[in-house]
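The values are calculated or read from the model by the stated rules, or taken from the named source; none is laboratory data. Note that the structure is a prediction, hence the values are computed from the model and not measured. With ideal geometry, Cβ positions are generated from the backbone for all residues, glycine too; neighbour counts draw on all protein chains shown. Ligands, DNA and RNA are stripped out before the accessible areas are found, and what is left, the full protein with its side chains, is counted by its heavy atoms. Shrake-Rupley method; radii C 1.70, N 1.55, O 1.52, S 1.80 Å.
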Amino acid sequence: MFSKPRQLETESELYDVAVRALMRRAHSVHEMKKKLERRSENTLLVQLVMARLKENGMVDDARYAKQFARQRTETRKQGKFRVARDLRARGVPNRHIETALKEAAQETDEAAIVRQRIERKLRSFRGPDTNKDTSKKIDERKMASIYRSLLRVGFPADIIRRELHSLTREDLPETDPEADPL
């Protein structure tokens, strides 16, 4: 699709590329290493630049994971499973992911976020004028759709079921609580 980027020969050129990339957005150590490896075939040069970036505090997986988790849980309202999956895809080690998720969990209430998402979906299904009207029942397909969308966003199945049940007062089919939603 894209042609291979121009290969760089010096440490300063490669470092400048890294700094420009970091000015656009934060990168994990793994992402930055891959980006630099595409720009230079000299692995020693890539290692030097990576060491310099780490030494200057420009790439740090722990800080990146905390920032990422906080942004995804607060702004995008995503659950911990989705955030963890996205961080793993970016090459962040599990120890940093767990720490970041614990910090994010202290600041956010997953049940409240799930409740808001369900209420918004129910309003769209029932219509704006029947906000709390339970006479208009939601069929099983729509309930399953809400359930699946919340699983995709990364919320735990037990929280989703509890909030769906409390908001709709309808019986939901039992699921295996040990089943991993991912």
(message) I'm trying to understand the selection: among the residues of region 45-71, which are in contact (Cβ under 8 Å) with a residue 24 or more places away in the chain, over 20 Å from Q7 (Cβ atoms) and open to solvent by less than 60 Å² (accessible area, probe 1.4 Å)?
(response) V59, D61, A62, Y64, A65, F68, A69
(request) May I ask you to verify whether E119 is closer than 28 Å to R70 by Cβ, open to solvent by less than 80 Å² (accessible area, probe 1.4 Å), among the charged types (D, E, K, R) and modelled with pLDDT of 80 or more? (result) yes
(request) Pull up region 28-44, narrow it to residues that are farther than 17 Å from D86 by Cβ and assigned to a helix (DSSP H, G or I), then point me to the one that is least open to solvent (accessible area, probe 1.4 Å). (result) L36
(message) Would you confirm, using the coordinates I've provided, whether V17 is of a type outside the set (K, R) and within 20 Å of F155 (Cα to Cα)?
(response) no
(request) Could you tell me whether region 94-101 includes any residue that is touching a residue at least 12 places away in the same chain (Cβ under 8 Å), acidic (D, E) and farther than 26 Å from T168 by Cα? (result) no
(message) What's the number of the only condition in (1) open to solvent by 50 Å² or more (accessible area, probe 1.4 Å); (2) farther than 30 Å from A112 by Cα; (3) touching a residue at least 12 places away in the same chain (Cβ under 8 Å) that R24 fails to meet?
(response) (3)
(request) Might you check whether a residue that is closer than 19 Å to R152 by Cβ, open to solvent by less than 20 Å² (accessible area, probe 1.4 Å) and in contact with a helix residue (DSSP H, G or I) (Cβ under 7 Å, 6 or more places away or on another chain) occurs anywhere in region 98-112? (result) yes
(request) Considering every residue within region 12-19, establish whether at least one is modelled with pLDDT under 95 and in a loop (DSSP other than H, G, I, E, B). (result) no
